[in-house]
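Everything on this sheet refers to the single structure shown next.
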Amino acid sequence: MKDLFCKIFGDNKDALVFFAPGRVNLIGEHIDYNGGEVFPVSLSIGTYAAIRKREDSIIQFYSENFSENGIIKADLKDYKNWEKLTDDNGKLIWCSYCMGVIKEIIENYKAFDKGFDVVYKGNIPNSSGLSSSASIEVLTAYFLKEMYDVDISMIDIAKVSMKAENDFIGMKCGIMDQFIIAVGKENCGVLLNTQTLKYEYVPIDLGDNSIVIINSKKKRNLSGSEYNTRRSQCEEALKIINNPAYECLCDMTVTEFEKVAAVISEKTIQNRARHAVYENKRTKDMVKALADKNYELCGKLLYESHYSLKDLYEVSCEEIDFLVEESKKIDGVIGARITGAGFGGCMVSIMKNDVIEDYTEIIGKAYKDKFNLDAEFYKVDIGSIKKLTV
Ligand code: GLA
């Protein structure tokens, strides 16, 4: 990172280096905006930044992953007028995520007037459902905290990062991604109650099994607007149920939901809510199954989650449906499902260690034959946010 900084800005004297992980969600999908419990882990792949303060109010952003955008400049004096940046085709420019976070911090935590030069480089595949955007947001908030002595907790870093994404970018995401990236730690997943923000570290002990992520390389499509639609459909379902005892869909048990489900006459809306309520139960069941070392049950819950996301929530895609079906045919695969926002991206699976090699070969080939895409396989290694220079 220091070499990269030097290449872009001439020298690297006093540059500091930070890292923030990506994340994979094991289970509890599309319920972090429904007050549900989610169970993500932070990854050892993520985003790095090398940064150095300047004496004036200018910020210079550069990302090695988007080198075609070159150095992008912003002036802190002007932060009130900052808006997200898009290219000539209306595509969001990456540093908008950083600008949103900086603006939030200045407005709510600490006004600072000296800018900085920063280079970013990430090894999370973009648009793959492993949260490259939350990673860069949380990383930015974290290095500001460290370099400008901003008095902000890691939980509040998660909150401002989410707010930047909601308000500055316009993606009405929940808190899960930013939260796990800010608090995740080695060897553990985090069981997070998204209504109370209470969380607990859950050791990931899978015996002779591993978590494997398969990147379908199918770039997510329209995920922003479809995502916001799912969220408003859930809000609509809650409104129709109209019971003050339930502040959010995940306040309901499965039985309570089924008693009132029929009042939601539109089947699509009813199904969205059904997914949320059952997925919340699956998350709790999964954490228990893991503690009981009942890996078969963990796998079954992953498949159930997949079918619910496919049929009720309709956020899967044919590429990942194919990967799930093919995975099922292979002995030693315990469970699999689409992960993240959906509409493409990654599948998460649990499988026996001794099947991974054959699995990669068989699935890689079948997938290539069918979709002419080279799937990528990652055995999950858990990582955490860090300052890498002293
Ligand atoms: C995206 C959002 C999260 C969450 C997931 C789906 O990653 O950023 O808040 O809603 O989708 O579980």
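Here, each number is a calculation from the coordinates, and none is a lab measurement. The shown structure was predicted, so the numbers you read here are calculated from the model rather than taken from an experiment. In this analysis, Cβ positions are derived from the backbone assuming ideal geometry, glycine residues included, and neighbour counts consider all displayed protein chains.
Compute the separation of the alpha-carbon centres of region 57-92 and region 95-154 and state it in Å as a whole number.
If we compute the Cα centre of each part, the gap is 13 Å.
Please report, largest first and rounded to whole Å, the three semi-axes of the ellipsoid equivalent to the chain, where each semi-axis is the square root of five times an eigenvalue of the C-alpha gyration tensor.
After diagonalising the Cα gyration tensor, the semi-axes are 35, 25, 19 Å.
Suppose only helical runs count, i.e. DSSP H with n ≥ 4. What mean residue ellipticity at 222 nm does that imply for the chain under -39500 (n - 2.57) per run, divided by all residues and rounded to the nearest 500 deg cm²/dmol?
-12000 deg cm²/dmol
Round to a whole angstrom and tell me the spacing of the C-alpha centers of region 230-245 and region 359-390.
About 37 Å separates the Cα centre of region 230-245 from the one of region 359-390.
Which of rounded, prolate, oblate describes region 295-369, given a ≥ b ≥ c as roots of the alpha-carbon gyration tensor eigenvalues and a/c under 1.5 marking rounded, otherwise prolate only if a/b is larger than b/c?
Oblate, since a/c reaches 1.5 and b/c is not below a/b.
Go ahead and run the numbers for FRET between Glu376 and Asp311, Cβ-Cβ distance against an R0 of 22 Å, rounding to 0.05.
0.25
Take peptides 32-39, 352-359 and line them up by average Cβ neighbours within 10 Å, highest first, as a rough protection proxy.
Listed from highest to lowest mean packing, they are 32-39, 352-359.
Give the angle, between 0 and 90 degrees and rounded to the nearest 10, that separates the Cα long axis of helix 154-163 from the longest principal axis of the Cα atoms of the chain.
Compared with the principal axis, the helix lies near 90 degrees.
Which angle from 0 to 90°, rounded to the nearest 10, does the C-alpha axis of helix 96-108 make with the longest principal axis of the chain?
Computed tilt is about 80 degrees.
How far, in degrees from 0 to 90, does helix 132-147 lean away from the longest principal axis of the Cα atoms of the chain, to the nearest 10?
The angle comes out at about 40 degrees.
Quick check on region 203-379: take the gyration tensor over C-alpha atoms, sort the square-rooted eigenvalues as a ≥ b ≥ c, and tell me if it's rounded (a/c under 1.5), prolate or oblate.
oblate
Need the C-alpha centroid separation for region 191-219 versus region 250-321, integer Å.
Rounded to whole Å, the Cα centres lie 16 Å apart.
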